[in-house]
1. Would you grab the residues whose amide H sits under 5 Å from the one on D232? Only those 5+ places off in sequence or on another chain, please, with H modelled 1.01 Å from N.
2. Nearest 5 is fine: what % of DSSP beta bridges in the chain come out antiparallel, could you say?
3. Take the cross-link list K600/K647; K584/K639; K454/K650; K478/K600; K328/K666 and give me the ones stretching past 18 Å between alpha-carbons.
4. Which one is right for this structure if Cα Rg over 2.2 N^0.38 Å is calculated from it: (1) 1.14; (2) 1.48; (3) 1.09?
5. Apply the Karplus parameterisation 6.51 cos²θ - 1.76 cosθ + 1.60, with θ equal to phi minus 60°, to every residue of segment 75-91 and state each ³J(HN,Hα) to the nearest whole Hz, in sequence, with x for glycine and proline.
6. Please give me the summed charge of the neighbours of T361: other residues whose Cβ is under 10 Å from its Cβ, Lys and Arg +1, Asp and Glu -1.
7. State the three equivalent ellipsoid semi-axes of segment 293-415, derived from the C-alpha gyration tensor as the square roots of 5 times its eigenvalues, in descending order and whole Å.
8. Net charge near H500, counting Lys/Arg +1 and Asp/Glu -1 over other residues with Cβ under 12 Å of its Cβ?
Amino acid sequence: RVVSVFQDEAAASVALVAALTRCANEAIARKGCFSLCIPAGSAVAALKGLDPKAVDWNKVNVFFTGERLGANKSYAAALEAFCLRCGVGNVFNPLHRPLWSSGEPLPAFVVKEAAAAYAALLQTHPSIDNSGSVPAFDMLLLGVGEDGHCGSMHPGSDEIMAVGDGSVVFALEKKRQVAISMDVMRASKRVILMACGAKKAEAVKRALTGDFEQHMCPAALLSSSTTVWYTDTESAAAWDSKKSFHVKTTTGEPILDGLPICVPKILLPRSNIPLDKWACVACDQFESEPQYWKDMSDHVGETPSSLRIIFPEVYLASVTGGNPDDDKTRIENICKVMKEYVQRDIFTERPPAFLALDRSTPHVPSRKGLVMAVDLEAYNYNCPQPTLIRPTEKTIVARLPPRIAIRENAPLEMPHIIMIIDDPGKTVIEPLFTTPGLTEPEYEVDGLFKGAGKITGLRVTSAGTAHVETSMKALAAKERAAAVAAGRQPAVILIGDGNHSLATAKSCWEKLKTQGGVPPNHPQRYALVELQNLHDDGVVFEPIHRILTGATADALQSALESAWGVTAIPYVEPTPLHSVVLCKGKQKADRVTLVPPSDKLPVVSMSTQVDAFAAGHKGVSIGYVHGEEPVDAACADGKAVGLILPKLDKTRFLETLHDIGTLPRKAFSMGEAEEKRFYIEARNILP
């Protein structure tokens with residue numbers, strides 16, 4: 001179960017309306033109809049905010065948790081709240097013989113007859129799933145009484161003690177009432193319990209902590225991952241989440257106490273979809289090589305692929321010089337395909353679990369990682385205040401809009417974000433691959449596109465999750481102690497790759513928060529990432545070289561020599577470790593070497609001066625490439641100038657970050673282009 005705490009009942013009601021609308025539309029899109037079961041009281045009154053135009057209400061079927069025969073209060077409440085206004089015609093109220101409709105006391109057999117008829121209706125109605133032992137509604141809405149009752153299930157009653165016997169509808173003869181059973185309630189595909197206000201605080205506390213005698217708190221029996229509690233600050237005031245269970249996102253993903261991490265529900269493509277075609281390299285790679293992406297498209301063909309739901313940056317108008325409207329068209333198509341994939345059940349949803357990855361590439365035999373979701377509340381890309389999740393490169397805000405346009409309307413996210421922990425003892429990730437019982441095989445994809453290597457995915461078990469939580473807390477405590485000693489703020493997790501993608505997720509979450517009724521444990525608060533260890537031998541920081549067009553080699557060389565107080569020297573291999581190579585042509589004889597001051601990493605010294613040079617010389621643009629071959633090719637005709645950078649010294653990486661905050665944009669790359677993260681895993685970011 002998931003608990004959402006809102007500011008007040010009004011905010012909870014807004015969220016309820018949004019959740020019901022989403023659930024109804026999803027069910028109608030999936031099967032053509034929607035079954036909703038509701039009580040009377042304040043929970044139904046909250047539905048007055050439903051929009052008559054937001055749902056195809058002709059396909060909505062309304063049922064009731066209980067009804068006092070003859071009084072018909074539940075039926076009347078539903079009509080008043082939304083059924084009449086929204087035009088819901090399929091409202092199924094328990095009925096009894098007209099002979100007994102005058103309000104006189106009803107014989108017991110009439111109540112039993114009405115209960116049997118209602119049970120038969122639930123067991124045969126086409127909008128209700130009857131594939132299990134009892135009927136299952138698409139959505140069940142319940143209020144919670146001060147004594148913990150819900151629907152017509154009351155503490156200590158015969159009906160609540162009958163849980164598990166397969167009953168569908170009870171006849172409460174003395175009350176002239178018909179009531180659906182707790183078994184039917186628990187079978188519902190989505191359950192929302194509304195419990196707002198100070199008077200409900202004790203009931204909420206007892207239900208969520210388990211502090212009650214058996215059969216004395218019916219609401220507590222609704223405890224599956226499909227159950228969501230909508231509370232407010234008053235009703236949740238007496239409840240201490242740390243003493244009951246891990247808080248979860250609204251989609252049921254456990255949030256680890258004391259860490260900016262949640263255990264994600266990862267989506268993987270169905271087993272009949274070839275992973276070598278589904279998997280696609282990160283969208284920001286091969287930006288200057290459109291042929292790579294054409295070849296990838298030809299390779300995929302008509303097979304469902306992550307390629308079809310990402311935006312390769314090679315096609316951005318800012319890269320091609322094309323019409324910005326082309327970006328909009330491509331983004332609309334990406335969102336369309338993504339929704340089609342969801343509706344076609346392309347994905348298989350797994351229970352919440354981390355995923356341990358082992359990647360081999362043409363350059364490294366093994367690089368280990370851990371797929372998890374991180375808390376965007378613990379991160380800020382502008383870093384006005386240092387956060388636990390720390391950016392390592394400068395964020396260019398102008399690069400975010402196309403990414404935001406995709407994510408803000410997307411039902412899914414797919415990560416190419418790689419994050420780093422400083423774990424020299426290799427205590428967190430590495431034991432998942434060596435200790436029995438911490439993982440189980442999940443998938444393997446050999447033969448990634450164009451010889452990019454192999455990925456093995458291992459599902460982390462509950463024991464493995466406990467290991468990750470314990471070891472990460474120990475690592476975080478160690479970092480906090482080091483930060484105090486150094487007089488700085490702690491940084492538990494650092495961003496390695498995908499800085500702008502994480503900034504996009506943050507921007508979308510901040511915007512979503514401003515909308516009414518968004519719970520604090522909404523899944524968009526978390527972003528799916530892969531965590532790697534800085535000290536893994538397979539984690540290599542490759543340089544990202546620069547190509548300047550619209551500039552002359554002599555002018556750039558002169559500017560760097562003047563800024564650094566150095567003179568270029570002839571190019572000789574091996575070059576000094578702390579150097580920058582300036583390329584004037586295709587041949588190595590066309591190169592010179594400059595050695596900037598040693599107080600900063602070469603990429604820091606170079607970026608400062610090259611950015612200033614470009615700003616001061618009209619028509620100069622800077623390109624970013626992996627490997628020396630693209631630099632040589634660009635400089636072959638003398639119309640561009642190249643700058644080749646050395647590998648980033650990992651031993652100075654953290655020292656530099658703590659000293660200057662963030663590195664310049666495109667300061668480093670975690671591996672060569674073909675080694676980058678491939679999209680395989682996805683995650684639902686809609687509740």
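The values are calculated or read from the model by the stated rules, or taken from the named source; none is laboratory data. Since the model is a prediction, treat every value here as computed from it, not as a measurement. Cβ placement follows ideal geometry from the backbone for every residue including glycine, while neighbour counts extend to all protein chains displayed. Areas reflect the complete protein model, heavy atoms only, side chains present, ligands, DNA and RNA absent. Shrake-Rupley method; radii C 1.70, N 1.55, O 1.52, S 1.80 Å.
1. F6, G197
2. Working: 69 of 100 bridges.
In the chain, approximately 70 percent of DSSP beta bridges are antiparallel ones.
3. Exceeds cut-off: K454/K650; K478/K600; K328/K666.
4. Step by step, Cα Rg over 2.2 N^0.38 Å for this structure corresponds to label (1).
5. With coefficients 6.51, -1.76 and 1.60, one gets 4, 5, 5, 5, 4, 5, 6, 7, 4, 5, 5, 8, x, 7, x, 8, 10 Hz.
6. That sum, taken over residues with Cβ under 10 Å, equals +1.
7. Semi-axes from the Cα gyration tensor: 26, 23, 18 Å.
8. +3
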